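A.B. asks: Dropping a structure here in structure tokens format, bear with me for questions.
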Amino acid sequence: MLDRSQGENILFGYGDGSGAHFDAVMAELLAGTDYEEAFAEDLARVDTLGNSVEYRVNLYSPLYFLSSYYEGYGTSQVASYWRIRTGINQSDTALSTEVNLALALEAYGADVDFETVWGQAHVEAERTGDSTTNFIAWVVECCQ
């Protein structure tokens, strides 16, 4: 968000409760505009542990560890089994977010149980039953 007010801007802020710009691609697109300086300043900062926003964004993204495009590929131990449920009526994120995760996990060699659920939003989406019962049954099945 250009004014740093979205939840994502707060998430990648610097711990003072205010948001920060965190997207280097967006910064490039805004070069030469009134937003250029604010983006450059935020992207140049480090947190209290000395970490850049790029470092923190990478740690937040599972694709950083699953895709050979990123330097983090192969640097972590990935769980063997994944169950992902998502509503098709997303308003908080792109529909491709969960699909990309599922595909990256499968390419990495994980066993992925993935479904999108019609008529549900960014919630604990299930076709039948409830998420807790369904998840426990899935864990039991994976462990047998």
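A.B. asks: From the list 64, 69, 73, 35, which one is within 30 Å of residue 114 (Cα to Cα), over 15 Å from the mean Cα position of the chain (by Cα), surrounded by 14 or more Cβ atoms within 10 Å (Cβ to Cβ) and not basic (Lys, Arg)?
C.D. replies: 73
A.B. asks: Still on this structure, please answer the following. Filter segment 1-58 for residues that are touching a His at 6+ places or on another chain (Cβ under 9 Å) and in a helix (DSSP H, G or I) and give the result.
C.D. replies: Those that are touching a His at 6+ places or on another chain (Cβ under 9 Å) and in a helix (DSSP H, G or I): 9, 27, 38, 39, 40, 41, 42, 43, 53.
A.B. asks: Which of the numbered conditions does residue 119 fail, given that it passes all the others? Conditions: (1) assigned to a loop (DSSP other than H, G, I, E, B); (2) farther than 25 Å from residue 11 by Cβ; (3) modelled with pLDDT of 90 or more.
C.D. replies: (3)
A.B. asks: Let me ask another. With respect to residue 114, is the statement that it is surrounded by 13 or more Cβ atoms within 10 Å (Cβ to Cβ), part of a strand (DSSP E or B) and aromatic (Phe, Trp, Tyr) true? Walk me through how you get there before you give the answer.
C.D. replies: Working: surrounded by 13 or more Cβ atoms within 10 Å (Cβ to Cβ): yes; part of a strand (DSSP E or B): yes; aromatic (Phe, Trp, Tyr): yes.
In short, yes.
A.B. asks: Now for a separate question. With respect to residue 93, is the statement that it is of a type outside the set (D, E, K, R), under 21 Å from residue 24 (Cα atoms) and surrounded by fewer than 12 Cβ atoms within 10 Å (Cβ to Cβ) true?
C.D. replies: Criteria met by residue 93.
The values are calculated or read from the model by the stated rules, or taken from the named source; none is laboratory data. Small disclaimer: the values here were computed from a predicted structure and weren't measured. Quick reminder, even Gly has a Cβ in these numbers, built from the backbone with ideal geometry, and neighbours come from all protein chains shown.
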